[in-house]
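Read through the structure below, which is laid out as structure tokens, and then see the notes.
Bear in mind that the values in this text are calculations on the coordinates, not laboratory data. Keep in mind that what you see is a predicted model, and the values were worked out from it rather than measured. Here the Cβ positions follow ideal geometry from the backbone for every residue, glycine too, while neighbour counts run over all protein chains shown.
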Amino acid sequence: MFPNRDHIARTPVREVALGCVEAGIRAAHPETVFAERVEVRDDVLYVDGARFDLSAYEDVYVVGGGNVAGHVAAELERLLGDRITAGVVVTDDPVDTDSIDVVEGDYPVPSERCMLGTRRVLQLAEEATADDLVLTALSGGGSPLLSAPVPDISLSDLQTVTEDLFANGVSDKHVNVVRKHLSAVKGGKLARAAAPAAIVTLLFSDVVSQKRTAVASGPTLPDESTYADALEIFDRYGISPPTRVKHHLERGRSGAIPETPTAEADAFDRASCITIADGMTALRGAQAKAESLGFESLILTTRLRGRAQESVKPLVGIGEECYFSGTPVEPPAVLLAAGQTSIPTFGSMKQGPNQEFALSGAVEFHETLGAAAALASVATDGVDGHAECSGAVVDHTSAEPMSDAWDALNTNRISQQLSRNGDRVPSVPTGTNVNDLHVLVIQDE
């Protein structure tokens, strides 16, 4: 799966760590997920037990956006064939399809390609009638990829706002509130465009809270946030939005522009949403791999969050408990976690939370676990924050010399330290995005 794999997995314990990551990513790939959870029998589409009679619909459309949308489109084509009337999805990982147009966009800042593709998605959704079914593929990455500004602001305004919010450390949750009120598609507006058609959203979730409305900023789901909330976020962080953006939000707050649709809106009368893959999907795949290799395994959480440098400490602490006392599992063991940790913004330095998580972990277990441990921390979408890699696989040697490792963490030169030791996992398209995967392997004595 990854270039330079043999060097990254150069010891048995590192091989187990990387192998579990690869198995987790494969388990969350649409090809695997559809084979296990989606099928068509007798002109009926079954998704995780939900039943949709295709014969009840005149036309079937496919729309969506995100890192995974192209692969989902390909799987839907494989299942439904010429039952699909037309489709448009926007992604940064395009694949070949027949009846569904896969538009390549840009990530993480919305581009003109994203905007043009999203307008096509909206146009197709608006063509659907009450006799039709609209299948919507949404995943992480959908917020920038599925982007079209409302008519009274420009793409440049949207790009400026996005960059300013992230540069000022605004949380993803708050960024999405702003996005929903500047977008022609987010915050339930895609559902409003497709209504009164039946809408079925197939979700690949990369959200720690498991809140569905956060994935791709909820284009087909109700939104309870308001224009006033969006304005308050700018005030809270001391950010001055572009003039047109401020004017649009103020008009919304005054009631001159309709709010995003809430759960009571007619747009959701025939809408359903099914999460078909998330962090647990990847963890189960990694767990199966670990157990096939003869390791005890323990899934700790799908909700790991906070500063990466601190979040790794409980994981290492549990690993030390396993090694020294055989609790909560006896070695050889694999401890598994998923989530989304964070790092501070350091100007133009291209760093990522998975790299910080990994190197911090190596520093933590260097003296206690030594050669008995290896830690893999990898973004399942193949992009570790702003770093040009997927993450890292480390062992005790990654923290040597210790003075250099500490200096790398304190000066945010983590990439350089990991590159020198050959620990970075290259960035590759993975076909999925269900957040970050952390694997700590503990050998016995």
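Rounded to the nearest 20, the Cβ-based charge dipole of the range 218-359 about its Cα centre (Lys and Arg +1, Asp and Glu -1) stands at 520 debye.
Our coupling estimate for the range 72-80, obtained by passing each phi through the Karplus curve with A = 6.51, B = -1.76, C = 1.60 and θ = phi - 60°, is 5, 4, 5, 5, 5, 4, 4, 7, 9 Hz, Gly and Pro reported as x.
Would you kindly work out the equivalent ellipsoid of the chain from its C-alpha gyration tensor and give its semi-axes, the square roots of five times the eigenvalues, largest first in whole Å? Walk me through the numbers on the way to the answer.
Values: eigenvalues 303, 142, 58 Å².
So the equivalent ellipsoid measures 39, 27, 17 Å along its semi-axes.
Within the listed set Ala308, Ala137, Ala50, the residue fluctuating most in the Gaussian network model of the chain (springs between alpha-carbon atoms under 10 angstrom) is Ala50. Computed from point charges on the beta carbon alone (+1 for Lys and Arg, -1 for Asp and Glu), the dipole magnitude for the chain about its Cα centre is near 860 Debye.
Once you reduce the range 32-52 and the range 362-376 to the center of their Cα atoms, the two points are 43 Å from each other.
Considering only Pro314, Pro149, Pro196, the Gaussian network model of the chain with Cα springs below 10 Å gives its largest mean-square fluctuation to Pro314. All alpha carbon pair distances within the range 84-201 were sorted into 10 Å bins beginning at 0; the resulting P(r) in whole percents reads 14, 46, 31, 9, 1. From the alpha carbon centroid of the range 274-322 to that of the range 232-269 is 38 Å.
Placing unit charges on each Cβ (+1 for Lys and Arg, -1 for Asp and Glu) gives the chain a dipole about its Cα centre, and among Ala194, Ala167, Leu76 the Cα reaching farthest toward its positive end belongs to Ala167. Here the label points at Arg37 and Val428, each 7 Å from Cα along the C-beta direction, are separated by 2.4 nm in the simple model.
Put +1 on the Cβ of every Lys and Arg and -1 on every Asp and Glu Cβ in the range 80-163; which of Ala125, Ala137, Ile153 then has its Cα farthest towards the positive end of the dipole? Looking along the dipole axis, the top candidate is Ile153.
Considering only beta bridges that DSSP places wholly inside the chain, some 45 percent are antiparallel. All other residues with a Cβ under 10 Å from the Cβ of Val329 taken together, and with Lys, Arg as +1 and Asp, Glu as -1, what is their net charge? The answer is -3. Rounded to whole numbers, the Karplus 3J(HN,Hα) couplings from phi for the range 284-301 are 5, x, 5, 5, 4, 5, 4, 6, 5, 8, x, 9, 5, 9, 8, 7, 8, 6 Hz, using 6.51 cos²θ - 1.76 cosθ + 1.60 with θ = phi - 60°, and x at Gly and Pro. Here the calculated FRET efficiency for Ser154 and Asn412, from their Cβ-Cβ distance with R0 = 22 Å, stands at 0.05, rounded to the nearest 0.05.
Rounded to the nearest 20 debye, the dipole magnitude of the range 306-445 is 500 debye, with +1 charges on Lys and Arg beta carbons, -1 on Asp and Glu beta carbons, and the Cα centre as origin. Taking amide H positions as modeled 1.01 Å from N, with prolines and chain starts lacking one, the residues under 5 Å from Gly306 and 5 or more places away or on another chain are Ser342.
Among the lysines of the chain, pairs that are 8 or more positions apart or on different chains and have alpha carbons within less than 21 Å of each other number 11.
Couplings 3J(HN,Hα) for the range 111-128, derived from phi with the Karplus relation 6.51 cos²θ - 1.76 cosθ + 1.60 (θ = phi - 60°), are 10, 5, 4, 4, 4, 5, x, 5, 4, 5, 4, 4, 4, 5, 4, 5, 6, 5 Hz, where x marks Gly and Pro.
Please order Phe52, Phe357, Phe34 by the number of other Cβ within 10 Å, starting at the fewest.
On the way: Phe52 17, Phe357 33, Phe34 21.
With the fewest neighbours first, Phe52, Phe357, Phe34 line up as Phe52, Phe34, Phe357.
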